[in-house]
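*Asks:* Provided herewith is a single structure, encoded as structure tokens, for subsequent inquiry.
Every read-out reported here was derived from the displayed coordinates using simple, explicitly stated rules and does not represent laboratory data. As the structure is a prediction and not an experimental result, all values here were calculated from the model. Reconstructed Cβ throughout: ideal geometry from the backbone, glycine too, with neighbour counts over all protein chains shown.
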Amino acid sequence: MFVAVMVLTSCSSDDDNGSVSGSRDITYEITGNYSGDLDVTYITASGGATSAEVTSLPWELSFTAEEGSSGASFNAGGFEGQPGETISLKIYQGDDLKNTVNATADSDGIIVAVSGTVIIQ
């Protein structure tokens with residue numbers, strides 16, 4: 001079973017924290033103790049979306065967003081974990097932590113975490 005959730009939003013003037021950094025360096029990070037099968041869907045350097053299997057935690061992906069890319073966002077979903085296991089998704093823009101989302105596996109061991117969107121200018 002493959003679980004993927006992707007939410008794309010766009011706004012020309014703000015991000016989730018009310019400020020926009022000049023850095024185009026983006027880092028996605030997942031930490032936690034989730035032991036099930038976990039997949040991630042994320043916005044790439046070019047602004048497109050792709051998905052990948054997370055084989056172990058912690059997981060991290062860094063890139064420099066291309067000029068045509070205006071946002072960064074990622075989401076993770078998994079199954080066959082244990083109830084109560086957790087993950088934390090973080091988006092960094094340069095050295096600034098811009099977004100954090102925490103999720104806990106339900107009674108069936110399913111987990112879903114959807115980050116906000118960080119606007120890149």
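*Asks:* Net charge near residue 39: determine it from the other residues with C-beta under 13 Å of the C-beta of residue 39, scoring Lys and Arg +1 and Asp and Glu -1.
*Replies:* -3
*Asks:* Still on this structure: Where the only charges are on Cβ atoms (+1 Lys, Arg; -1 Asp, Glu), what is the dipole of the range 25-119 about its Cα centre, to the nearest 20 debye?
*Replies:* Using only the charged Cβ atoms, the result is roughly 180 debye.
*Asks:* After finding the eigenvalues of the alpha carbon gyration tensor for the range 25-119, what semi-axes result from the square roots of 5 times each, listed largest first in whole Å?
*Replies:* Details: eigenvalues 121, 30, 21 Å².
After diagonalising the Cα gyration tensor, the semi-axes are 25, 12, 10 Å.
*Asks:* Using θ = phi - 60° and the Karplus form 6.51 cos²θ - 1.76 cosθ + 1.60, what ³J(HN,Hα) does each residue of the range 38-46 get, whole Hz, x for Gly and Pro?
*Replies:* Working through the residues one at a time gives 10, 10, 10, 10, 8, 7, 8, 4, 8 Hz.
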